[in-house]
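Contents: one structure, followed by commentary.
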Amino acid sequence: MADRKLSIAVLLILAAVQAPVFAAGDAGKGERVFKEQCGECHSAEPGRNRKGPALFGVVGRSGGSVADYAYSDAMKANTEAWSEARLDDYIAHPRRVVQGGKMKYDGLGDAGARADLIAYLATLH
């Protein structure tokens with residue numbers, strides 16, 4: 001019985017250690033990151049596309065699915081839902097995740113800033 005409890009405790013600790021950084025993101029800080037890093041090309045308002053599609057409701061939305069935005073062929077083919085983990089990878093390395101996409105952004109290397117940004121994007125629904 002003690003071995004089983006120890007095994008469960010170890011598994012819980014490993015799960016917590018491997019939990020994505022964005023779970024602890026600060027949406028208030030993320031709004032500032034959005035304005036500084038994303039706001040020139042993306043809107044947080046529904047239906048207000050700019051150079052890039054509006055990011056309102058992006059968390060959980062299928063890639064390339066905003067009806068009135070002209071996506072690249074690469075993004076149109078990339079229909080997997082934007083989970084927080086997928087957004088984290090894309091924001092860090094957009095050209096690697098969607099090769100042939102139109103986004104000219106080099107990526108956000110700061111994991112904490114990405115976590116904050118994703119926490120903010122998750123509030124847009």
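Read-outs: derived from the displayed coordinates by stated rules, not from any lab. Quick caveat, the model's predicted, so the values are computed rather than measured. For neighbour counting, all protein chains shown are included, and Cβ atoms are generated from backbone atoms with ideal geometry for every residue, glycine included.
Obtain the nm distance between the two label points defined at residue 106 and residue 24 by a simple spin-label model: each point lies 7 Å from its Cα along the Cα-to-C-beta direction.
For residue 106 paired with residue 24, the spin-label model returns 2.7 nm.
How high is the FRET efficiency from residue 32 to residue 81, r the C-beta distance, R0 30 Å, rounded to 0.05?
0.70
Going toward the positive end of the dipole of the range 22-121, with +1 on Lys and Arg Cβ and -1 on Asp and Glu Cβ, which of 83, 30, 55 do you reach last?
The one lying farthest along the dipole's positive direction is 55.
Collect residues whose amide H, placed 1.01 Å from N in the peptide plane, falls under 5 Å from the amide H of residue 72; neighbours closer than 5 in sequence don't count.
102
Per residue of the range 71-80, what does 6.51 cos²θ - 1.76 cosθ + 1.60 with θ = phi - 60° give for ³J(HN,Hα)? Whole Hz please, x for Gly and Pro, Karplus curve as stated.
Per residue, the Karplus-derived 3J(HN,Hα) values read 6, 5, 4, 4, 6, 4, 6, 9, 8, 4 Hz.
Work out from phi, with θ = phi - 60° and the Karplus expression 6.51 cos²θ - 1.76 cosθ + 1.60, the ³J(HN,Hα) of each residue of the range 106-118, listed in order in whole Hz, and give x for Gly and Pro.
Couplings: 6, x, 10, x, 6, 4, x, 5, 5, 4, 5, 4, 5 Hz.
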